[in-house]
1. What number comes out for accessible area per residue over segment 11-63 if the probe is 1.4 Å? Units Å², please.
2. Want the number for ILE39 to LYS59: 0.36 nm per residue separation, take away the alpha-carbon distance, what's left?
3. Consider just the alpha-carbon atoms of segment 10-50 and return their Rg together with their Dmax, both in angstrom.
4. At a 1.4 Å probe radius, carbon and sulfur cover how many percent of the accessible area of segment 11-63?
Amino acid sequence: MAMMRRKKICKFCEAPELKIDYKNYKMLRRFITEQGKIIPRRITGTCTKHQRFLTTAIKRARNIALLPYSNNLKEL
Ligand SMILES: [Zn+2]
């Protein structure tokens, strides 16, 4: 039996109470690399719909400096 082969399940589909919010940077940080890049969904297992929400939230969080940009921060 191929019990070991489990498909990755989208965390957000699995737990509908889990909200993708730009203010929830602690959660968002699990979806970016140490360099500040968004981790592709084939690695995290996030579905297309939720990955898009994540991307938006991460970008919004960056705008208010909760999360680092992938390159150096520039002066405003
Ligand atoms: Zn999902």
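1. Values: 3700 Å² over 53 residues.
On a per-residue basis, 70 Å².
2. Numbers: separation 20, 0.36 × 20 = 7.20 nm, distance 1.31 nm.
That pair, ILE39 and LYS59, stretches by 5.9 nm at full extension.
3. Both quantities, over Cα of segment 10-50: 10.2, 29 Å.
4. 50
The values are calculated or read from the model by the stated rules, or taken from the named source; none is laboratory data. None of these values were measured; they are calculated from a predicted model. Ligands, DNA and RNA are stripped out before the accessible areas are found, and what is left, the full protein with its side chains, is counted by its heavy atoms. Shrake-Rupley method; radii C 1.70, N 1.55, O 1.52, S 1.80 Å.
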